[in-house]
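Taking it in order: structure first as structure tokens, then the write-up.
The values are calculated or read from the model by the stated rules, or taken from the named source; none is laboratory data. All values reported here derive from a predicted model rather than from experimental measurement. Here the Cβ positions follow ideal geometry from the backbone for every residue, glycine too, while neighbour counts run over all protein chains shown. Surface areas here come from the heavy atoms of the whole protein model, side chains and all, with no ligands, DNA or RNA. Shrake-Rupley method; radii C 1.70, N 1.55, O 1.52, S 1.80 Å.
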Amino acid sequence: TTVKTYADEWRATRLHRDSTAEQVERDFRVHIEPILGGRPLASVRPTQIQSWVKDRVEVLAPSTLKVVYGYVMQMFAAAVLDRMIGSSPCVRITLPAIEHEPHFIPTPDQVHALAEALPGFCGAQVYPASGCGLRQGEVWGLEVEHVNFLRREINVVQQLVITNGTKPYLAPPKTKTSRRTVEMGVVVAENLARHLELHPPVDVEIEDRTDPRKRFTRMAKLVFLNSRGAPWRRAPWSHHWTPAVESVGLPNGFGIHGLRHYYATALIAGGASVKTVQLALGHSKPTVTLDTYAGFWPEDVGKTRSIMDATLGRSPIRLIAVS
């Protein structure tokens, strides 16, 4: 049994979302199968895995290589459980160090300028991303009924998913904690209300997979549609987004996810706790929030001293001078 044959069987049993399954298939096809795919599964040794890692260092960023190696490690672990091999070759493998580059955070003026630079029918997308921290799929999957102008809240209950070979469809949010209610500020509310006034929502037919056990097609009033009145796809969005980013002077490659970083850092600058930011962003764990934004929390020099002085109060101990 070759690595490729077993990898195909292994991927078929994974409970991956469609978008994740597509990514895993591509990573195996591009990065794993050309080098390891033809080898018998039981013949692969740690030195060959390390050699594969060294080869991929030339073409993959360290963070991406760590993800792809994770797939290899999971596959060989499954092969051990299936008694296809006696032990996994993924032991004592050295991966390149990951250097965390700081996120580029736009200024408030750049955020507004970006909304102005985009065509009128999609410029307002900037505000639920920058003012509520919604992911792009969550913005595109937003229905009118999910925006509560009276309570000034947005209910994030689904996302629009786009995979190769299928039409866009509605699916559950990225994680369980991504399903959340986000407070909506005045600026976001006003821009969304103006968008709906200028571009009244219409019913579009779309497949609903928010319940994996019950897929069906229904009509939905999506807040944001493309210029043809259909759910968004990546290529048309890039056609509008890339020139807008360039015109505002933002770095090349700056994506709408950068506006989510803007939202998070604005909360942190305003004194929000790790837990508050985690819940607002829909992160699965506080550690995810800390790993992503640890450098943005200010270091309050002397704060620990003042906290302990306030807690202990005046010392009752009498200091005795020693000659």
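Below, the figures for the structure above:
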quantity: Helices (runs of 4 or more DSSP H) lying entirely in the range 1-93 (those with 3 or more residues that are open to solvent by 70 Å² or more (accessible area, probe 1.4 Å) and closer than 28 Å to residue 161 by Cβ); calculated: 3-13, 62-81
quantity: Check on residue 234, closer than 26 Å to residue 104 by Cβ, in contact with a strand residue (DSSP E or B) (Cβ under 7 Å, 6 or more places away or on another chain) and of a type outside the set (A, V, I, L, M); calculated: no
quantity: Residue satisfying all of: in the range 268-284; touching a residue at least 24 places away in the same chain (Cβ under 8 Å) and either open to solvent by 50 Å² or more (accessible area, probe 1.4 Å) or not in a helix (DSSP H, G or I) (or both); farthest from residue 126 (Cα to Cα) among these; calculated: 284
quantity: All positions within the range 178-223 that are under 21 Å from residue 134 (Cα atoms), assigned to a strand (DSSP E or B) and not aliphatic (A, V, I, L, M); calculated: 180, 181, 183, 208
quantity: Residue list for the range 133-157, restricted to those being over 15 Å from residue 257 (Cα atoms), open to solvent by 10 Å² or more (accessible area, probe 1.4 Å) and part of a loop (DSSP other than H, G, I, E, B); calculated: 149, 150, 151, 152, 157
quantity: Residue within the range 221-239 that is open to solvent by 40 Å² or more (accessible area, probe 1.4 Å), closer than 18 Å to residue 117 by Cα and touching a helix residue (DSSP H, G or I) at 6+ places or on another chain (Cβ under 8 Å) present; calculated: yes
